[in-house]
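Report on one structure; see the data block that follows.
The values are calculated or read from the model by the stated rules, or taken from the named source; none is laboratory data. Predicted model, so just to flag it, every value in this text is computed and none were measured. Every residue, glycine among them, receives a Cβ derived from its backbone with ideal geometry; neighbour counts consider all protein chains shown.
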Amino acid sequence: MFAVIKTGGRQYRVVPDDVLEIGKIAGDVGTIVQLGEVLLVGGDQPVLGAPTVSGASVAAEVLQHKRGPKVISFKKRRRKNSRRKRGYRDEITVLRVTEILTDNAKPSIGPRPKREKVAPEPSEDGDEAPKAVKKKAAPKKVVAKKAAAKPRAKPAAKGKSDKK
């Protein structure tokens, strides 16, 4: 089963477990958001919306918020000594489609659990796990500064008096 959704002025064809980058939408990382503008639900019997399919939505998990590549806008007017350079980066939300819902159904799949870091288990001999030892940086060597050299005399400026 697939669906065509519209968000941020663009249309995307999605299937479950798709990862896609869309314009920034509200939602914290790890939460499930519902995208309600479904234009088409495909499968054995495709349903075409006019303009949207009523009761259909797509549930997706927010993976991260990030910024897109920098886009440079440079304008120059030749022979006018006029130029302008501006740049911007789009705000992007990365989503993983969890399921395609029809008939006003609610998402059944919740957010995936976060991976936790595994702490090393204590050894049988000691009560606690060995702690990492931090190395201190070597002290910086102090270099004596040389005495400031005396300023040199400036050569006389060539003027009208030097001409013959």
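For residue 21, state whether it is over 21 Å from the mean Cα position of the chain (by Cα) and acidic (Asp, Glu). The answer is no for residue 21.
Residue-level analysis places residue 147 among those that are at pLDDT below 75 and either among the small types (Gly, Ala, Ser) or within 30 Å of residue 64 (Cβ to Cβ) (or both). The residues on offer are 60, 50, and the sole one that is assigned to a loop (DSSP other than H, G, I, E, B) and either of a type outside the set (Ser, Thr, Tyr) or within 20 Å of residue 6 (Cα to Cα) (or both) is 50. Considering only residues in the range 3-17 that are crowded, with 16+ Cβ neighbours inside 10 Å and in contact (Cβ under 8 Å) with a residue 12 or more places away in the chain, the one that is nearest to the chain's Cα centre (by Cα) turns out to be 7.
In the condition set (1) touching a strand residue (DSSP E or B) at 6+ places or on another chain (Cβ under 6 Å); (2) assigned to a loop (DSSP other than H, G, I, E, B); (3) closer than 19 Å to residue 110 by Cβ, residue 17 is compliant with all but (1).
Just one of the numbered conditions (1) at pLDDT below 90; (2) crowded, with 17+ Cβ neighbours inside 10 Å; (3) not polar (S, T, N, Q) is not true of residue 59: (1).
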